[in-house]
Amino acid sequence: MKEKPIIELENVRKTYRMGEVNVNALCGINIKINRGEFVAIIGHSGSGKSTLMNMIGSLDLPTRGRIKLDGIDISSLPESQLAQLRGKKIGFVFQSFNLIPTLTAIENVMLPLMFKNVSEEERKERSEKMLARVGMQARMEHLPKELSGGEQQRVAIARALVVEPEVILADEPTGNIDYKSGLEIMKLFDRLHKEEKRTIIVVTHERFVAQYAERIIQLQDGTILKDGKAKGFDFNGIKQK
Amino acid sequence: MFSDYFKLALRTFRHKPTRSWLTILGIFIGIAAVVALISLGQGMQEAINQQFEILGTDKITIYPGASSFGVLGSLLGSERMSDHDISIIKRISGVNIVVGVAMTIAKVVSGDEHQYTMVIGYNPDEINIKDFIGVTIIDGRELRANDGYKVMIGYSLGYEDIYEEPIEVGDTLEISGKSFTVVGIVSEVGNPGYDNRIYINRDLFYSIFTQEGYPLVVVRTKEGYDTTSVADAIKEKLRKDRNLEEGSENFTVMTSQQLQKMISDIIGVIQTIVIGIAAISLLVGGTGIMNTMYTSVLERTREIGIMKAVGAKNFDIGMVFFIESGILGLVGGVIGIVFGLSMAYAVELAATSLDISLKASFDPLIIGGALLFSFIIGSVSGIIPTLQAAKLKPAESLRYE
């Protein structure tokens, strides 16, 4: 029996209104992603990959089409239920880290658990464990501005992992950090995928990032140009760092 | 969960202290002003109630003229109550004592100083000073009907610096050119209108000031009678005697309760106006909070997006901002109350040093009310920015720079 996909997009369209003109960011996307897959979504800027990422992460709703997250149709859910779903099933990692500047590393990691009504002690315990896992146990009490880009991103990954999400959604996770730190981040993702069988979706325009994935989806002008195995993927036009 | 919202809300005070304090300043000035004014107003009310307690609540005063000018108005006018009026009042059931009072303002010389003071002429045989004013003798003796050029003086003349050199029993006063000896000093009422008076025998009063009739008649009712109905009976009998229609009386009958209420009403109106003006500053303070919260929401648009991305519901976001603005109001309120009450106390001290009896009231109700009010102002001012924050779309707020 075939397993139910964790993410399923059916003919998803997204149209933005920019002044007088309608811009089609996504024009009919169909994707199925199974549990435990490591997928890279690549494409030039303006290809619609960030929009797609917002759709998968339920941060934004499609204009048309259906999105199922773990079997639940999220295209028509009210914001409060979407928030709960996000908090439970998805761990976000952003290009600009998006840590809250006034909270320390550990407080940032504890934040998602607070919205899930986890007790203070448990929050602390789980966050400490998660920060140790990403190699940040020594800098838990630091504010984001006291950390390097790579360190901030590792805190952000700990924050994404702390709720034990079904899917890790990373939007250009190496975009704002140096190559060496970027490699470390990607190795961390690789380990999470191989050792813990986590589902990871990375949006990127960098070739070395995409090479860590096992499946690559290439977008162009809001449609899927290619969708296939990473091995032997034809990266024509994709930047190599 | 609530304590978590609280912690998140309190962060702003740590990270934006200057802005927080400036916002709080706006609220605290308003609260301080309102608290000080209410405290003093209530203190004034309590002082007046206390005075009426001394003066007696079973008293009715009757004076010529329409009520709007009061007893002082009757002094200025030429109308007087007559002995005939008094004989009518005496026959009414429930009336215990009726006293015709003569009064005028005269030049009173003590040593080489002079003041213009209220001189009261009454007959000590008709009423003792305790029943008449509610005061007792604290030095010397009470005025007697057979006293010649003798006077009894009010508390302030003997114990406060109305005259640079306080007047003592045995001193000589010159009233309207005639020499009088002070035989007694009476206790304090707490109102300069009573405490600066000089009492002399009524017959002597008429021979000095060439007046007749009474600008004021004081009635004490018998025990067990309702003062208001006795006052109504007096009004009706006098009206019939003078052949007047109801409502067109040329005299006024007032019980001490009515007088007390009239004064309270006047103070109430003044207090409402003054506090109303002070309350405008609270409104301004509230606008300040609203402004600060708007800025805060704008600055933290991205932060709101992050929180939503990690599972915060609109309600969670709303609560954080709501509590934050409530705290701004509440802290402003606490400081305002402390400041306002200190201000009221300072005014009380200043007034006391000027011999004005004005007490600040430290009613827990004022304190509790002001606290609640400041929290409400804060949170109500925060409502619109809060709703705005809560409704932000996560994808859009994450893009916000």
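We did not get these values from a lab; they are worked out from the coordinates using the rules stated. Since the model is a prediction, treat every value here as computed from it, not as a measurement. Please note: Cβ atoms are built from the backbone with ideal geometry, for glycine as well, and neighbour counts cover all protein chains shown.
The figures follow:
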read-out	value
Residues B:Ser264 and B:Lys90, FRET efficiency given R0 of 25 Å [Cβ-Cβ distance, rounded to 0.05]	0.20
Neighbouring partner chain Cβ atoms per residue of B:391-398, average, 10 Å criterion	5
Of A:Lys197/B:Lys393; A:Lys49/A:Lys116; A:Lys49/B:Lys308; B:Lys222/B:Lys261; A:Lys4/A:Lys89, those spanning more than 24 Å from alpha-carbon to alpha-carbon	A:Lys197/B:Lys393; A:Lys49/A:Lys116
In degrees, nearest ten, helix B:2-15 long axis to first principal axis of chain B (Cα)	90 degrees
The range A:43-121, relative contact order in percent, only Cα pairs under 8 angstrom and at least six apart counted	19 percent
Alpha-carbon radius of gyration plus Dmax, which is the widest Cα pair, for chain B in Å	31.2, 100
Cα-based convex hull, the range B:59-222, per residue volume (Å³, whole number)	113 Å³
Test item: A:92-104 mean partner chain Cβ contacts at 10 Å	4
Candidates per trypsin sites (Lys or Arg not before Pro) in the range B:121-226, loop by DSSP, up to 15 other Cβ within 10 Å	B:Arg141, B:Arg144, B:Lys222
Value of [θ]222 nm, deg cm²/dmol, for chain A, DSSP H segments ≥ 4, -39500 (n - 2.57) each, nearest 500	-10000 deg cm²/dmol
In the range B:145-190, the GluC sites (Glu not before Pro) that fall in loop regions by DSSP, at most 16 other Cβ within 10 Å	B:Glu160, B:Glu164, B:Glu168
Relative contact order %, the range B:59-222, counting alpha carbon pairs below 8 Å whose residues are six or more apart	36 percent
Most to least packed among A:174-187, A:199-212 [average Cβ atoms within 10 Å]	A:199-212, A:174-187
10 Å binning of all Cα-Cα separations within chain A, expressed as whole percents from 0 upward	8, 32, 36, 21, 4, 0
Nearest 10 degrees, 0 to 90: helix A:149-161 Cα axis against chain A principal axis	80 degrees
Longest segment of chain B lacking chymotrypsin sites (Phe, Trp or Tyr not before Pro) that sit in a DSSP loop with at most 14 other Cβ atoms within 10 Å	B:1-361
Dimensionless Rg ratio for the range B:326-390, taking C-alpha atoms and the 2.2 N^0.38 Å reference	1.53
Antiparallel bridge percentage (DSSP; both residues within chain A; nearest 5)	55 percent
5 angstrom amide H check on B:Asn96, placed H, neighbours 5+ away	B:Arg220, B:Thr221, B:Lys222
Nearby lysines by direct alpha-carbon distance to B:Lys150 (threshold 19 angstrom, same-chain neighbours under 8 apart not counted)	B:Lys107, B:Lys130, B:Lys178
Gaussian network model of chain B, Cα within-10 Å springs - most flexible of B:Asp147, B:Asp112, B:Asp171	B:Asp112
With eigenvalues of the C-alpha gyration tensor scaled by 5 and rooted, the protein assembly as shown, Å	90, 25, 18
Calculated [θ] (222 nm, deg cm²/dmol) that DSSP helices of n ≥ 4 give over chain B, each run adding -39,500 (n - 2.57)	-19500 deg cm²/dmol
For the range B:240-388, diffusion coefficient by Stokes-Einstein and Kirkwood Rh (Cα), 4 °C, 1.567 mPa s, µm²/s	66 µm²/s
Per-residue average of Cβ from other chains inside 10 Å of A:47-58	2
